[in-house]
Every structure is written in C-alpha cells, then in structure tokens.
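Input: a single structure, listed below in structure tokens.
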Amino acid sequence: MAPAYSAPVRLDRTLECELLIAGGGLAGSAAAYEGLLAGRTVCMTEITDWVGGQISSQGTSALDERPTQRRRLFFARGYLSFRDRILAVYGGVDPGNCWVSSHCFLPRDGHAVLWEKLQEAEVKGGGTLIWLPNTVIKELEIAQVGGPPTAGGEQIQGVIAIQHRPQPNTPPLNTEPLSQTITDAYTYADSSRFQKTIIRLVPKPPTPDRVRSPDIPAWYVIDATETGELIALADVPYRLGIDARSPWEPSAASETPFPYCTQGFTYTFAMEAMADPQPQTMPDFYPQYAPYYSFEQSRFARVEDLFTYRRIYSPPGQQAPMGRFGVMDPAPGDISMQNWTWGNDYRPGTAKDNLILSRNQLQASGQLQPGRWLGGLRVETLRKGEEAAIGFYYWLVAGTTDSQLGEGVKKPDPRYRYLAGLESPMGTAHGLSKYPYMREVRRIIGRPAWGHPDGFTIHEVDITQNPFADTYYQQLPPSLYRSLGVALSGIETIPRIQSNQPLEPIRLRHRASIYPDSVGIGHYAIDFHPCMTEHPPEKPGNTERASVRRAEVGGKVAYPYQIPLRAMIPQRIDNLLVAGKAIATSTIAAASYRVHSFEWSSGAAAGVTADFALTEGIPPYQLVDDLPRPEPKLEELQKRLVQQGNPIAFPNTSIFNNDWSEWQ
C-alpha cells in the first residue's frame with residue numbers, strides 16, 4: 001500500500017517537471033546534466049545551496065579514483081569534463097598537490113564548476129533547469145494506476161517540497177550547523193529562523209501527440225538524496241546496515257541483519273598552514289572526544305602527513321621540504337581538508353545512536369505518518385558528529401594522546417588555523433561542511449528477477465577479489481560453503497551444482513559479475529570505516545565492530561564492475577529510479593559502490609534512462625522484466641549510453657576474459 005498523504009495547510013507554488021531529481025549531489029547533478037542535454041524540463045531539489053555533494057557541500061573535494069581507470073580516463077563523459085574543468089581553474093595543475101588523488105581542490109570551486117556545466121548543458125540541449133536549493137521533500141503523493149500491487153503499478157503523482165530562506169534581520173544561511181536547522185527545514189510552519197515556501201511538483205502535461213494511457217508515467221522521479229530519503233518516505237523495501245551472512249555475502253559480520261551499524265559519516269573541515277604557532281582554544285566538549293582520536297597507523301604519525309594527504313590548495317610557487325609521500329610538506333598558505341577514520345569520522349553502531357533511522361525507528365517516531373517526515377536522521381547524532389569534527393582539529397594542533405598508537409606519539413603542532421566564515425572553503429560560518437559525507441545509506445531491494453527471487457541485489461561475491469582461502473571460510477556451515485562455491489563458479493555453475501563431491505575447494509573469482517542490463521561502471525576497493533561496538537562511539541577503549549573489515553581482503557581492490565539497471569528500480573513504484581549510494585547493493589558491495597565517479601555514472605544512467613522511458617513510453621522495469629531473454633529496448637538504451645560517452649562496461653569485459661591484473 002502507498003503511504004498516506006496529508007495535504008499541507010497551504011501551497012505557495014506549483015512547478016511542472018519531466019524529471020524531478022531529489023538531491024543535488026554528484027548523482028543528482030549527473031542525472032540533471034543528461035536530462036538537460038536531452039532537452040527535458042528538470043526540477044532538482046537540494047537541502048544545501050550547492051550542487052555537487054561530495055565535491056562541494058560535503059567537502060570531500062579529493063576525487064577517489066583507481067590508478068588504471070584514471071590513467072585510461074575511462075569515466076562517464078560529464079565526470080571527465082568536470083575533471084578537466086576543475087584543473088583548468090587552477091592553470092591545468094592539481095591545486096592541492098595532495099597525495100591521495102590527482103584532483104584535490106576547494107569545495108566552493110567544485111560547486112562553481114559543476115554549476116557552470118549544468119548551465120551549459122541547459123543551453124546546449126535546450127532543456128530547462130528548475131533549481132530548488134535549500135529545499136527538502138516532505139511528502140509523496142502515490143497512487144495505484146495500473147497492474148496488481150505485487151507487480152508494481154504505483155506511481156508518484158505529485159511531490160510536496162519545502163524551501164526555506166532566512167527571516168528578515170536574521171543570520172544568513174550556513175551560519176548554524178545542520179543539526180540546529182534540519183528539523184526546522186522539514187517543518188511546514190514558518191519559524192523565527194526561516195520563512196518557508198511550500199511547493200507542489202507535478203508532471204509536465206504531455207503534448208497532444210504524447211498523450212498516453214495512465215499506466216505509462218508522465219514523469220520520472222529520481223532519488224539521488226544522500227541517505228535514500230525517498231525510498232524511506234515511499235516505504236519501498238530496502239536494507240540498512242549489516243546484511244545477514246549468506247553464500248552471496250560470506251564475509252558479513254553478523255548471522256542476522258543489523259540495521260544500526262552503517263559506515264561512519266564525516267563532517268569535513270579546512271585548515272590553513274601558518275608560518276608561526278597560532279593561539280588555539282580548546283572546545284568545552286573536547287575532553288569527551290579526546291579518547292577516540294588517533295593517527296591510526298604509525299606511518300601517518302605526523303600532522304604534516306595528514307595535512308598533505310588531502311591538501312586542497314597550495315599557492316603557486318610554494319617552496320617547502322619534500323615530505324614522506326612524494327609531495328612537499330605544508331607551507332604557509334596551504335589549505336587542507338580533513339577526512340580521517342579515527343578523527344572526524346563519527347561511527348555510531350547501536351540502536352541508541354545510529355544516525356540513519358531504521359524503518360522500525362521511523363515508524364516508532366511517527367515519521368512515516370502523513371505530514372510528519374523530518375528527514376529520517378537522529379539529530380543528536382548529527383550534533384555529536386559536528387562536535388567530534390571540531391574536536392579533531394583541536395587534537396591535531398594541541399593533542400598529546402593517541403587511542404591506537406599509545407602515549408608519546410602525538411606531539412602538539414599549533415602552526416595551523418581553522419578556517420571558518422561564509423567565504424571559507426566550506427562556505428559556512430562554523431567551518432564544517434554544509435552536509436556530512438555519507439558513506440552508507442538506505443539501499444533498495446530490487447524487484448524479483450531471474451536468479452534473485454527475493455529481490456535483485458549486487459552482493460560481495462559479484463565484485464570481490466577475495467580468494468576465500470582463509471580457515472574462516474572453510475569452517476562455514478557446509479551448506480553455506482557449498483553454495484558459496486556455486487556462486488563463484490561463473491560459466492561452470494551448472495557442472496558445479498551437479499557435482500556429487502560433498503565439498504569442492506572454493507575457486508578464485510577472476511572478474512566481477514557481468515550484467516546484461518548494465519548502464520554504468522565503477523571501480524574502487526571494498527573500503528570500510530566500520531561502526532563502533534559500544535555507545536557512545538567516543539567511549540574510552542571502544543573498538544570497531546568485530547569482523548566488519550573481513551571483506552576488505554587485505555586492501556585488495558574489487559574487480560572493475562558494472563551498474564545494472566535492475567539495481568536502480570525499486571519495488572512497487574514504476575516511475576521512481578534510484579541513483580547514487582541507495583541502489584540495490586549489499587552492505588559489503590556498498591563499501592565499493594560509493595565514490596565520486598560511481599555516483600556520477602549511476603546518476604548519468606538514471607538521467608538517460610528517464611529520458612529514454614519518456615520518449616519510448618516504456619517504464620524502466622519493462623526494459624528488464626524478461627531477462628535473461630533478449631530485451632531489444634534495453635539494448636537501444638545501452639547503445640545510446642555508449643554513443644553518448646557513458647560507458648556501461650570496462651574494456652574487454654567478457655565471460656572469457658579472466659585477466660584483470662592491469663586494473664589496479
């Protein structure tokens with residue numbers, strides 16, 4: 001059943017769209033970019049006032065990329081163009097001279113460059129961009145319009161959004177951190193802080209030659225939010241946190257699902273290197289978080305090394321000694337962005353402190369009731385994440401303890417200053433990113449499909465290089481171990497199933513799963529920032545939740561992988577697509593399906609698919625509902641993606657190619 005809808009007390013505006021994109025991060029911006037190039041009317045909401053998400057409002061403006069993909073420049077066209085454009089701003093060189101990436105830059109420049117690209121796409125394609133910053137989705141109008149509910153047949157027919165602006169004679173936006181404003185932003189009534197505009201977004205009426213039956217959607221809604229908001233609000237099936245151990249998820253850290261342990265989230269901040277020691281003020285809350293902070297590994301045990309790791313700006317002509325990682329040490333005027341596991345990562349992992357509320361928690365809090373959606377996050381945990389980030393800066397410049405390396409390692413280094421102010425790199429008065437960087441979110445369960453009777457999902461075994469040779473795997477229950485062997489058999493699956501041997505050795509997987517409905521690509525390590533075991537995360541002596549890192553396989557990179565269309569189509573609702581980190585992945589696969597280029601590729605796929613579906617009058621689920629039989633319209637969509645410069649497979653992807661050693 002569709003969630004009930006409660007009409008707001010007033011409506012101030014009604015806007016018509018062909019594509020409604022919720023979330024202006026990288027995935028949302030990529031979807032908008034492709035929609036505009038296709039000539040569509042695109043409405044895009046965003047809780048902050050910047051486009052770009054990871055590269056801007058979340059402050060993680062150091063592109064996470066794999067060396068081979070970077071060397072070959074094998075990315076979606078819009079992402080490639082952005083990479084070139086951001087370097088051009090700085091004279092064609094990496095402005096940060098960092099050692100984590102080839103592109104480290106100021107977040108506000110990430111927003112400016114991407115905004116310029118969207119405006120150019122609007123002109124080039126003849127589309128229309130209706131940009132709605134400082135806007136959140138409050139309610140969905142969902143109705144059954146065709147087919148039995150078990151097969152879909154529901155559509156989003158309207159969306160209610162709330163846009164906010166400051167009241168007269170009050171501080172400007174971005175003065176207060178998110179924890180202090182988020183509840184107000186999702187509330188209909190004006191407040192002492194905000195004036196609200198209540199907007200109804202509806203499909204653009206079709207032209208006479210495009211009138212179709214009601215079961216053919218007149219518009220498409222794309223959930224590109226940073227936490228999977230619309231899938232929670234629509235109450236479609238999804239997962240959150242750790243999945244249960246299974247033959248497809250053999251490294252899972254729990255025998256049963258555990259929704260409260262997601263990867264840590266991070267409020268980034270910027271700091272500037274100075275010539276002389278600076279006065280530093282200890283925050284009142286610092287002693288609470290001090291027992292948590294650490295360099296984590298001895299090779300990083302200098303403030304200089306954490307600074308240059310994600311240095312995002314170095315003035316031209318800087319001279320400084322060469323550091324340990326092939327880049328020069330900090331020089332006065334250099335600016336660094338901080339994003340560190342045992343630093344400003346905040347990693348709750350219990351039902352008392354988890355950030356993204358589970359379905360049961362949403363139900364208990366009343367947020368699934370009509371008109372009561374407030375964003376689906378625990379505000380207290382947001383606040384503590386903000387404090388932990390500010391405290392980490394103080395630890396860097398004045399701390400003397402280290403929770404992982406022990407006493408005597410951390411030395412004070414006050415030659416830095418914390419950058420705050422509306423003109424600072426993060427664009428906020430408080431100096432923290434406008435929104436936290438989210439590594440793991442709600443993830444849809446796709447529709448039942450061939451080989452996926454319980455709903456389509458990308459699993460650990462679909463991408464991992466894990467040889468599963470450890471004693472741990474050999475001691476799994478025999479039925480699970482045998483099924484794991486079948487899952488890894490590839491083209492030898494049927495002989496493996498028919499084998500009479502009780503337990504054959506697990507064979508090393510040689511490539512990622514190949515999907516007949518691939519619409520995008522990605523490549524990254526299975527990289528965890530695990531939740532902590534006890535409440536609160538900063539509790540002295542607290543540890544990471546046991547076994548979460550098992551799937552990292554000693555730091556090996558996952559195989560180059562694909563983004564199947566089935567992972568972007570939720571159950572029940574026929575005109576909703578999902579892009580970004582909320583696609584149908586397991587918690588382990590999600591640890592790889594989360595970086596910048598993946599987000600763009602998935603968003604581009606969503607934008608092109610939505611345009612194709614509108615043009616052809618065919619809902620996306622009908623492109624894949626007959627697989628593994630041929631799907632001619634799916635093949636047309638894939639051909640269009642490739643012709644437009646949006647790859648759907650890595651070079652030489654084939655069931656016969658088992659050598660991916662070059663792809664590092």
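The values are calculated or read from the model by the stated rules, or taken from the named source; none is laboratory data. What you see is a predicted model; the values in this text were computed from it and never measured. Backbone-built Cβ (ideal geometry, glycine too); neighbour counts: all protein chains shown. When the accessible area is computed, the model is the full protein with side chains, heavy atoms only, and any ligands, DNA or RNA have been set aside. Shrake-Rupley method; radii C 1.70, N 1.55, O 1.52, S 1.80 Å.
When the charge dipole of the stretch 198-331 is built from unit charges on Cβ atoms (+1 for Lys and Arg, -1 for Asp and Glu) and taken about the Cα centre, the candidate among P330, V303, V236 whose Cα reaches farthest toward its positive end is V236. The phi torsions of the stretch 563-575, fed into the Karplus equation with coefficients 6.51, -1.76 and 1.60 and a -60° offset, translate into couplings of 10, x, 4, 4, 6, 10, 10, x, 6, 6, 9, 7, 10 Hz, rounded to whole numbers, with Gly and Pro shown as x.
The alpha carbon gyration tensor of the stretch 239-307 gives principal lengths a ≥ b ≥ c with a/c of 1.5 or higher and a/b greater than b/c, which makes the shape prolate. Charge dipole (Cα centre; +1 on Lys/Arg Cβ, -1 on Asp/Glu Cβ; no other charges) of the stretch 329-390 amounts to roughly 560 debye.
Computed from backbone phi, the HN-Hα couplings of the stretch 527-537 come to 10, 9, 10, x, 5, 8, 6, 10, 9, x, x Hz, rounded to whole numbers (Karplus: 6.51 cos²θ - 1.76 cosθ + 1.60, θ = phi - 60°; Gly and Pro given as x). Here the accessible area of the chain is 52 percent carbon and sulfur, with a 1.4 angstrom probe and all protein chains present. Projecting the alpha carbon convex hull of the chain along each direction and taking the average yields 29.1 nm². The peptide list 128-135, 344-351, put in order of mean Cβ contacts within 10 Å with the highest first, becomes 344-351, 128-135.
Put +1 on the Cβ of each Lys and Arg and -1 on the Cβ of each Asp and Glu in the stretch 368-434; which of V379, G408, A429 then has its Cα farthest toward the positive end of the dipole? Farthest towards the positive pole: V379. Taking amide H as placed 1.01 Å from N in the peptide plane, L129 has its amide H under 5 Å from the amide H of V42, each at least 5 places away in sequence or on another chain.
A cut-off of 5 Å between modelled amide H atoms, ignoring neighbours fewer than 5 places along the same chain, links I521 with I563. Note on the stretch 89-114 and the stretch 576-594: Cα centroid distance 26 Å, given to the nearest whole angstrom.
Shape class for the stretch 114-223: oblate, because the ratio a/c of the largest to smallest gyration tensor axis (alpha-carbon atoms, square roots of eigenvalues) is 1.5 or more and b/c is at least a/b.
Solvent-accessible surface of protein heavy atoms, probed at 1.4 angstrom with all chains present, puts T197, T471, T175 in the order T471, T175, T197, largest first. With all protein chains in place and ligands, DNA and RNA left out, the 1.4 Å accessible area ranks D235, D284, D215 as D284, D215, D235, largest first. A cut-off under 13 angstrom between Cβ atoms defines the neighbours of A449, and their net charge, with Lys, Arg +1 and Asp, Glu -1, is -2.
Identify, among V548, P564, T533, the residue whose Cα sits farthest towards the positive end of the charge dipole of the stretch 533-583, taking +1 on the Cβ of Lys and Arg and -1 on the Cβ of Asp and Glu, with the dipole about the Cα centre. Highest projection toward the positive end goes to P564.
When its C-alpha radius of gyration is set against 2.2 N^0.38 Å (N residues), the stretch 30-124 gives a value of 1.09. What does the charge count near R239 come to, summing +1 for each Lys or Arg and -1 for each Asp or Glu among other residues with Cβ under 13 Å from its Cβ? The answer is 0. Using a probe of 1.4 Å on the protein chains alone, the accessible area found for R415 is around 90 Å².
Listed values for the stretch 409-419 are Karplus-derived 3J(HN,Hα) couplings in whole Hz (6.51 cos²θ - 1.76 cosθ + 1.60, θ = phi - 60°), namely 8, 7, 10, x, 8, x, 7, 9, 9, 7, 9, and x replaces Gly and Pro.
Charges were assigned to the Cβ only: +1 to each Lys and Arg, -1 to each Asp and Glu. The resulting dipole of the stretch 263-328 about its Cα centre is roughly 280 debye.
For S254, the shell of other residues with beta-carbons less than 11 Å away shows a net charge of -1, using +1 for Lys and Arg and -1 for Asp and Glu. Surface exposure of the chain, expressed per residue as accessible area with a 1.4 Å probe, stands at 37 Å². Compute the distance from the alpha-carbon center of the stretch 358-372 to that of the stretch 546-571, in whole Å. Value for the Cα centre distance between the two parts: 29 Å. Residues W660, W450, ordered by accessible area of protein heavy atoms at a 1.4 angstrom probe radius and largest first, appear as W450, W660.
Based on DSSP H segments of at least four residues, each scored -39500 (n - 2.57), the chain has a per-residue ellipticity at 222 nm of -7000 deg cm²/dmol. Assuming charge only on the beta carbon of Lys and Arg (+1) and of Asp and Glu (-1), the dipole of the chain about its Cα centre is about 280 debye to the nearest 20. Taking amide hydrogens as placed 1.01 Å from N in the peptide plane, the amide H of R239 sits under 5 Å from those of R443, I444, I445, each at least 5 positions away in sequence or on another chain.
Annotation: Cα Rg of the stretch 508-664 relative to the compact-globule expectation 2.2 N^0.38 Å equals 1.19.
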